[in-house]
1. Provide an ascending nm list, one decimal, of label-point separations from B:Gly379 to the equivalent residue in each further copy; define each label point as 7 Å from Cα along Cα→Cβ.
2. Using a 1.4 angstrom probe on the protein heavy atoms only, could you order B:Ser385, A:Ser266 from most to least accessible area?
3. Trypsin sites (Lys or Arg not before Pro) within segment A:242-349: which are DSSP loop residues with at most 16 other Cβ atoms inside 10 Å?
4. Rounded to the nearest 20 Debye, what is the dipole magnitude of the protein assembly as shown about its Cα centre when Lys and Arg each give +1 and Asp and Glu each give -1 at the C-beta?
5. If you build a Gaussian network model of chain B, linking Cα atoms that sit under 10 Å apart, which residue out of B:Thr336, B:Thr31, B:Thr295 swings the most?
6. Send over a whole-number figure in Å² for the accessible area per residue of segment B:227-370, probe 1.4 Å.
7. Over chain B, what is the relative contact order in percent, taking alpha-carbon pairs closer than 8 angstrom and at least six residues apart?
8. So in the protein assembly as shown, what percent of DSSP beta bridges are antiparallel if you round to the nearest 5?
2 protein chains.
Amino acid sequence: MSEVVKKAKAARETTAALNMLTTGQKNEALTLIADALLAAEERLLAANEEDIVRGREQGTSESLLDRLKLTPERLQGIAQGVREVVELPDPVGETLQQFERPNGLRIEQRRVPLGVIGMIYEARPNVTVDAASLCLKTGNAVVLRGGSAALSSNRAIVAVMREALSRSALPEDALQLIEDSDRKSVDEMLKLNGLLDVIIPRGGASLIRNVVQNATVPVIETGAGICHTYADESADYGMLEAIALNAKVQRPSVCNSMETLLLHESFAAGHLAALADKFTQAGVALKGCEASRRTVPTLAPATDEDFATEYNDYILNVKVVKDVDEALAHIRRFGTQHSECIVTENAANAERFLQEVDAAAVYHNASTRFTDGFEFGFGAEIGISTQKLHARGPMGLPALTSTKYRIAGSGQIRA
Amino acid sequence: MSEVVKKAKAARETTAALNMLTTGQKNEALTLIADALLAAEERLLAANEEDIVRGREQGTSESLLDRLKLTPERLQGIAQGVREVVELPDPVGETLQQFERPNGLRIEQRRVPLGVIGMIYEARPNVTVDAASLCLKTGNAVVLRGGSAALSSNRAIVAVMREALSRSALPEDALQLIEDSDRKSVDEMLKLNGLLDVIIPRGGASLIRNVVQNATVPVIETGAGICHTYADESADYGMLEAIALNAKVQRPSVCNSMETLLLHESFAAGHLAALADKFTQAGVALKGCEASRRTVPTLAPATDEDFATEYNDYILNVKVVKDVDEALAHIRRFGTQHSECIVTENAANAERFLQEVDAAAVYHNASTRFTDGFEFGFGAEIGISTQKLHARGPMGLPALTSTKYRIAGSGQIRA
């Protein structure tokens, strides 16, 4: 039996016990984990140092090594994150519907854990703790498969967390780490129907594509964002400038940042030149459609390929459109159904945009950068779902639950 | 461009218009469809006759031909089914959450259509109308891929429905039928990420397995049910007998019927012989574990393979267990997380069973045959989901929706 199957089975066997836990028991276990991580500072930093040394030998870039590195401060932040999960309300056990049928059957739909969650992710060791604590808070077992660059760190972190679980009401086998860093261990997880209930990939585009293309286990897809901001004819210039700059430059590397700015032709006539200056001053390289290049000839030409690219960088496409219809058509063609924004003073156009655009989050007069579990007030974020089934947009704890119908009868049979 | 891609694209292009429809417009279109189906009786029965003749030539069994056959009465039933969908509340547009953030952003989560739904199903032509009307009611476009045995019927039905749509506010391209009966057209649908938002398979085990194993588009799995009834020590004999017989013989061919009866050893000692007589009288062939065969030596032996089989037939496994723990362990090992029942007068055992069993529907003192959208009062049933993501158990109209966050701001940007 492979490591993956053995550990997934061990995790699966804990699910009956996990179904019986109280919120208090789960919170106590998470508090033990937070304490244990701090108490193990020396051991965890030493293990992390092994990853850093190995990474440096293999020529890993300093920026990646920085993402990988644990420090006493970062460890404190990680432990604090676990304590914040303790404070979150527990969705498990919540009654979603309750009704009685004419035959007297009382039917209740309750939230229950998903079961066993497979997490496939890349290098940062904080994800190991973050994912584990969110899964355990919702009564799920979890099989973690992190990137090989963080293997020593992840091993030490999971060992410390499992030791903490062994002193709690939670079975330590609810938390499993796949140590086999061969790509085959990922492929194996993707096909483990019956042992894994869901796979959540977190990482770059190629990691997510591999999971979506090859998993037979249900997947919650997170990821790509080609987000637009549309300046309508009646947009307030000051508001548009602030929102567009924020959407592009406040953190260009993330999925909810803007890749293309759409401008109504009248708005562009009055403001494109000034806007282009602002973006250039902010260090953003601009590419424009033909019409925008007639107004600002210094723009590089933007191709369809550019409009279909998630730059995650200081690059922005600009396109002039003749009305809201053309803006909507462009978004339909190039958007990835993540986050889209209209800036307008026209209520009818705003309503139409909010209604017609097919995306997880649609904004009127606010930056797309708000698409985030913490900004939405969920207190946690498993990721931002870009699919339409199960969960869409920022995912809080309820996204890690399923439901169960409990039916109470008094001998009813079907006629 | 293949037929599948062409039709899926045409369906996709209607989704923006579908997002803008009112409930009244959708209901009007469905009423036109119901009227049109009745008005086209002659044409539809003639097309159906082609399928029947072809089926008979190909040696199709009379029972399958009967499922395939349309009659004036059946057509009336189908049209009546559409009118019942008109009467159902429209989940689209429902506000699921609404809250304001400290920065003044007003965030609303609303139900929206899924987009384009791919339905892959087998022979009965009523499914064509049923699936189409449920999808259209929820503002979805739908690409239907029925079985080749019903192709003439499905062609005529879809033509009539599209003609009705052309007289409504709904674009007729929202309804598509794949006529290519080669298996490759199914394989093509399974990979149409970006054009199809979800695939729902309806049919036998091999159809569903193919979809789950090969789809990269998200799937809502429906299907297998190995359901148990557990008679606890304190079960009322009369109640248990009625529930168990109902769960087995009221309609053995369906997924929520019972395959294995678990009996507490004390209960079995008093009642197994009488129960075995009752089942035998009802035409059920019994297989039993060793302990049950000591009590009733005429039982055939039941193997692990039997316990893992969904008979969908007049066959029942019987197993004696020493307590609720052993019953739970058996269900964990052999159950398919569909519907499970405990018959007991012991409230603590009932609560433990309801809490610990991991299944879509868990019953105390009622037949598992109630796991059904109509029996639950949903007024419709797209199927019974046996997966944990998105929807679990009987699926009503809300299972055909996704959600969207609408965010209203006044120039907010992220700090």
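1. With the label placed 7 Å along Cα→Cβ, B:Gly379 yields 3.6 nm.
2. A:Ser266, B:Ser385
3. Those that pass, being in a loop and sparsely packed, are A:Lys322.
4. Charge dipole of the protein assembly as shown: 360 debye, to the nearest 20.
5. Between B:Thr336, B:Thr31, B:Thr295, it is B:Thr295 that shows the largest mean-square fluctuation.
6. About 37 Å² of surface per residue is accessible.
7. Once normalised by length, the contact order is 18 percent.
8. Of those bridges, close to 30 percent are antiparallel.
The values are calculated or read from the model by the stated rules, or taken from the named source; none is laboratory data. If you're wondering where the values come from, they're calculated on a predicted model, not measured in any experiment. A quick note on method: Cβ atoms are made from the backbone with ideal geometry, for glycine too, and the neighbour counts reach across all protein chains shown. These area figures cover heavy atoms from the full protein model, side chains too; ligands, DNA and RNA do not enter into them. Shrake-Rupley method; radii C 1.70, N 1.55, O 1.52, S 1.80 Å.
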